[in-house]
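Engineer: Structure in structure tokens, see below.
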Amino acid sequence: MRYFIFILPLFFCSSLMAQKTILIKCGKLLDSKTGLVAEKQNILIKGNQVISISPNSRPADSIIDLSNYFVMPGMIDCHTHVLLQGDITSEEYDVQVLKESIPYRLKKP
């Protein structure tokens, strides 16, 4: 019981510390839904969630100053060649794409 009383406050303190807030000051911010660009916006993030986007600054645990930059939603590099062999010694790119069928490339070790 004595250990439980000691560990319980530590658990709550660690969960509160995990929810730190970050304020990102943006010079220009792209709204990907509308396609509009807003100037001098602030993004407030708590934990892993965006809490608000507004021109008003709010208190935060840390501040990232991107006021001289164009900020846009995260982009993911999805470019890949799944059906091409990664081995340098295999056939050239044009041979793989133009002359080898997709089923052949799938079965190749």
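The values are calculated or read from the model by the stated rules, or taken from the named source; none is laboratory data. This structure is a prediction, so every number in the text was calculated from the model and none was measured. No Cβ is skipped: glycine too gets one built from the backbone with ideal geometry, and neighbour counts run over all protein chains shown.
Engineer: For the stretch 2-59, which residues satisfy the criterion of being at pLDDT below 90, of a type in the set (D, E, K, R) and either within 22 Å of the chain's Cα centre (by Cα) or part of a strand (DSSP E or B) (or both)?
Structural biologist: Selection gives Asp31, Lys33.
Engineer: Any residue in the stretch 58-82 that's surrounded by 10 or more Cβ atoms within 10 Å (Cβ to Cβ): show its pairings with residues that are at pLDDT 90 or above and small (Gly, Ala, Ser) at Cβ separation under 7 Å, as long as the two are six or more apart or on different chains.
Structural biologist: Every condition considered, the pairs that remain are Leu66/Gly27; Ser67/Gly27; Tyr69/Gly27; Phe70/Gly27.
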